[in-house]
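A short worksheet on the structure shown next.
Laboratory data are not the source of any read-out in this text; all were calculated from the coordinates shown. All values reported here derive from a predicted model rather than from experimental measurement. Cβ: placed from backbone, ideal geometry, glycine included. Neighbour counts: every protein chain shown.
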Amino acid sequence: MVSKRLQLTLFVDETVSQTIEKVRHQFNPDQYNLIKAHVTLCREDELEDLTQVYKNLNSLKFSGIEIRFGQPVRFAEGKGVFLPAEGENETFYRLRKYILQNVIQEPKRPEPHITLMHPRNSTCTDELFTQIMTFSFPQSILFTRISLIEQLDGKEWKIIKEFSLTK
């Protein structure tokens, strides 16, 4: 049986992703090969009514959303590293709520972030974290599209469909 995962993702535009992707490639090549740098917008358990989610996405009237990021932080008992979003991120949460209307009554409020080292397939050490902290990461990123992506049997994530965030 084929294992299939879906999620809605905000990919980091290539014009600002160079440093992020360099760090991911150097310190977590397995994850780098599976998926480009991104912020997860909606996870698979939230996308069970894909017909309604598509309706919501097709009627989006959101401008691109800007997310400010802080310095790298370790998580998962220090094994992983991510760039955490800073501030209230109300636009991110409003976007999630709009996409999930008539699907989930009260959507969760996950912390937006960009994973640099995923603990599933890498382990950060104090030495590696010190190296990561020498990089200069973007402080703010504008996201202008939402991607519906799919992963089959743990292989590379593929884009199924994209939705523009209009200005």
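Taking a ≥ b ≥ c as the square roots of the eigenvalues of the alpha-carbon gyration tensor, segment 50-117 is classed prolate because a/c is 1.5 or more and a/b outweighs b/c.
With the cut-off at 1.5 for a/c, could you classify segment 76-115 from its C-alpha gyration tensor as rounded, prolate or oblate? Here segment 76-115 falls in the prolate category.
Between Arg68 and Ser3, the FRET efficiency estimated from the beta carbon spacing at R0 = 35 angstrom works out to 0.50.
Could you point to the residue in Gln101, His113, Pro84 farthest towards the positive end of the chain's charge dipole, with +1 and -1 charges on the Cβ of Lys/Arg and Asp/Glu respectively? Going by the charge dipole, the pick is Gln101. By the Cα gyration tensor, the chain has an equivalent ellipsoid whose semi-axes, rounded to whole angstrom, run 27, 19, 14 from largest to smallest. Inter-label distance, Thr125 to Glu77: 1.8 nm, where each label sits 7 Å from its Cα along the C-beta direction. Taking a ≥ b ≥ c as the square roots of the Cα gyration tensor eigenvalues, segment 120-166 comes out oblate, since a/c reaches at least 1.5 and a/b does not exceed b/c.
Between Asn33 and Leu50, the simple spin-label model (points 7 angstrom out along Cα→Cβ) gives 2.7 nm. In summary, the aspartates and glutamates within cross-link reach of Lys36, defined as a Cα separation below 19 angstrom excluding same-chain residues under 8 places away, comprise Asp13, Glu14, Glu21, Glu44, Glu66, Glu111, Glu150, Asp153, Glu156, Glu162. If you bin all the Cα-Cα distances of segment 1-79 at 10 Å, starting from zero, the percentages per bin are 13, 38, 33, 16, 0. Loop-located GluC sites (Glu not before Pro) in segment 1-61 (DSSP state not H, G, I, E or B) with no more than 11 neighbouring Cβ atoms inside 10 Å: Glu14, Glu48.
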